[in-house]
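Heads up, the thing below is written out as structure tokens.
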Amino acid sequence: MSRLNELDRFPEFTVNTAFRTDVRLNELLAGKRTVLRVLRYAGCPTCRIDMRVLADAYAEFEKRNAQIIVVMQSDQEHLQAVLNEEPLPFEIISDTDEVLYRTLAIPAAENKEELRGSDLTKFQAKRKAAEDAGYAHGDFEGNELQLPAMFIIEPDGLVSYAHYARSVADMPMAEETLRILDETEDLSCRMKEGDRIPDFIVDTQNGHYDHFHDMLKGKTVLWVLRYIGCTVCRYDVHMIQKRYEEFAARNAKVVVVMQSDTAHLLNDLKQSDTVLPFEIIADPGQNIYRRLGINAAGSKEELLGTGSEQLKQKGAAARGAGFAHGDYEGNELQLPALFILDDQGTVLYSHYAEHLMDMPDVDGVLALLETLQPVS
């Protein structure tokens, strides 16, 4: 598995804790915001001071309805010895086979120098804090060169923060972790003029992007639809394609977002012998929809809203252009949205549809591109 990123879904595991066996990780998460701190092993003094500092600040985590879970390479016997000597207010997962480390792609350092890192002052300060607290080195377990990591997992299982350490000292401590919790508290945020749209890891029919912001050029119309099998959504794609030169003439590009997976996108384009001059982001997990606060309708009636007649006309036009309904994907009640961004990702225009037909058409979007000015 590749490294986790913001808005990825955290994998499910069956784990052993210090005192329990075969526990589902979801049971430990318990619907709370969770700081998952992946350390090395119980005999590592800097790992011990990490846990002590987090334990001392635990009341602040609880105020935020958050909990901490630590992962170590240690076996249950060693973890039990630690907790009997120094009770801690959080669970410690025993991962002697390093399944979580491998699955989450948490690397080991190449050598001791890389493990200590270039900031020796920070490393030495951490080691001294461990010594002052009375933590002596214990038994070695697992890979001595293992690097740590930290993730914040939201109640819905999405990752709101991921940090892969470059050295043993390259980890947020308690105060910084609390700040990160505060900053990532609301993953879903409706975009308004002047906001900067979040960055995303995306896949399109053409390939993979580590950064959605790399796709931005000039003005970008981010056209968020439902799925490729939706007849009227497919007609929207057709109309954007048909008039794409008019977007280019305005120094603008279009990026479409759909709940479809890449297989459905590629199959549709192949079957219709279509090569699009723009890209469609495949978001089957609906991460972008959630992060941008693009809601689903509460019912079919809400989805149709006051646009039933318009929908009938658009459906007829779509069928006349040769588009039939395909596979259902994602949430059938998903509402659309549209954003216009500058090349830095700043929102120049945002529109959240109240029903399926409550969207600017191509003419409307082209007119907006003529009039929108950079946000000062």
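Coordinate-derived values only; no laboratory data. Only a predicted model underlies this, so the values are computations on that prediction, with no experimental measurement involved. Every residue, glycine among them, receives a Cβ derived from its backbone with ideal geometry; neighbour counts consider all protein chains shown.
Structure remark: mean-square fluctuation, Gaussian network model of the chain, C-alpha springs under 10 Å; the largest value among Asp95, Asp268, Asp132 belongs to Asp132. Centroid-to-centroid, using Cα positions, region 221-237 and region 61-121 are 45 Å apart.
Computing FRET efficiency as 1/(1 + (r/R0)^6) for Gln80 and Asn26, where r is the C-beta to C-beta distance and R0 is 22 Å, gives about 0.40.
GNM on the chain, alpha-carbon springs under 10 angstrom: the most fluctuating residue among Glu98, Glu62, Glu85 is Glu85. Structure note, pairs Lys217/Lys314; Lys32/Lys192; Lys242/Lys314; Lys192/Lys314: Cα-Cα distances above 20 angstrom occur for Lys217/Lys314; Lys32/Lys192; Lys192/Lys314. By the count of other C-beta atoms within 10 Å, a proxy for reagent exposure, Phe123, Phe19 are ordered fewest to most as Phe19, Phe123. Computed from the C-beta positions of Asp327 and Asn206 and an R0 of 25 Å, the FRET efficiency is 0.75 to the nearest 0.05.
Going from the residue with the fewest nearby Cβ atoms within 10 Å to the one with the most, Lys32, Lys217, Lys253 rank Lys217, Lys32, Lys253. Calculated FRET efficiency, Ala248 to Gln271, Cβ-Cβ distance, R0 = 25 Å: about 0.40 to the nearest 0.05. How tilted is helix 76-85 with respect to the longest principal axis of the chain? Cα atoms for both, answer in degrees (0 to 90, nearest 10). Here the helix axis deviates by roughly 70 degrees. When the inverse distances between all different Cα atoms of region 202-371 are averaged and flipped, the Kirkwood radius reads 16.1 angstrom. Between the DSSP loop rule and a limit of at most 15 other Cβ atoms within 10 Å, which GluC sites (Glu not before Pro) in region 268-341 are left? Loop-located and lightly packed - Glu332. If one computes P(r) from the Cα atoms of region 295-376, what percent of pairs lie at distances over 20 Å? Result for the distance tail: 48 percent.
Taking the C-alpha atoms only, the angle from helix 174-183 to the longest principal axis of the chain is near 10 degrees. Among the chymotrypsin sites (Phe, Trp or Tyr not before Pro) within region 318-376, those in coil by DSSP and having at most 15 neighbouring Cβ atoms inside 10 Å are Tyr328. The angle separating the long axis of helix 362-371 from the principal Cα axis of greatest extent in the chain is about 70 degrees. Extension gain for Asn5-Ala296 works out to 102.3 nm (0.36 nm per residue, less the C-alpha to C-alpha distance).
The mean sequence distance of close C-alpha pairs (under 8 Å, at least 6 residues apart), as a share of the length of the chain, puts its relative contact order at 16 percent.
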